Amino acid sequence: MDLLVVDDCLPQCRAWAWFVREHDISISFAHSVAEARSVLTKHAFDIVFIDFYLGDGTGDMLLPDLDRLPVRPKAIAHSAHLNAEIVARFVGRTVACVPTPCEPSAFVHLIKEVAKMDSVEDEIEKFKKFFATHHLSPRQAEVLRCAMDGLTAKETAERLVVGIRTVEDYWQRIFDKTGRRSRDKVLALLRKKLMLPADYTAR
């Protein structure tokens, strides 16, 4: 597994480097946005960990760069400081949040858990299959994805630029098509079919 850590906390990086290499993980470091961009053009990584606070900018500045890579990383792990609203633009690609500071053993455990997860493409295909199986319209599918993000009906209406009554109508159609009578039961069905953990959110 090839891991790139973008973090300018040198003591933490040194601690991680010593421990991670004992667990068959090839780890590289970049300590700035500029350095990360340079490294990413030369090597493909399975997982990229991004810290928010960097000396020459913020970690979220790298997200568009990752999206444009010929071979994109399987997953983006990020520090708890990374702006959730920015990350939300890359739904399905950021699959883990690593609280920092983080002990090396805990860091390795979290990275290994990330490595076990489906690729982004596999996850997207699972969602598409669920939507097709239950004959959900694109708009109904969007409402369901908003619910997976943890959004309320009001927040869903704001994201989709529709009225709350419209969102409720979409939910009624989702209930009819899935045979479930509550949002929680629909989400439980989706998580079961996609083999996702009970507390999974698309973020």
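For segment 134-151, filtered to residues that are part of a helix (DSSP H, G or I) and in contact (Cβ under 8 Å) with a residue 24 or more places away in the chain, the residue that is surrounded by the fewest Cβ atoms within 10 Å (Cβ to Cβ) is Arg139. When Val108 is tested against (1) at pLDDT 80 or above; (2) surrounded by fewer than 16 Cβ atoms within 10 Å (Cβ to Cβ), exactly one condition is not met: (2).
For segment 116-123, the count of residues that are in a loop (DSSP other than H, G, I, E, B) and either modelled with pLDDT of 70 or more or small (Gly, Ala, Ser) (or both) is at least one.
Listed here are the helices (runs of 4 or more DSSP H) enclosed by segment 1-101 that have at least 2 residues being of a type outside the set (Phe, Trp, Tyr) and at pLDDT below 75: 63-67, 84-87. Listed conditions (1) over 20 Å from Lys112 (Cα atoms); (2) in contact with a helix residue (DSSP H, G or I) (Cβ under 7 Å, 6 or more places away or on another chain); (3) of a type in the set (Gly, Ala, Ser) are all met by Gly59, apart from (2). Residues in segment 57-64 include none that are surrounded by fewer than 18 Cβ atoms within 10 Å (Cβ to Cβ), among the small types (Gly, Ala, Ser) and more than 22 Å from the chain's Cα centre (by Cα).
The values are calculated or read from the model by the stated rules, or taken from the named source; none is laboratory data. As the structure is a prediction and not an experimental result, all values here were calculated from the model. Cβ atoms come from the backbone with ideal geometry, glycine included; neighbour counts cover every protein chain shown.
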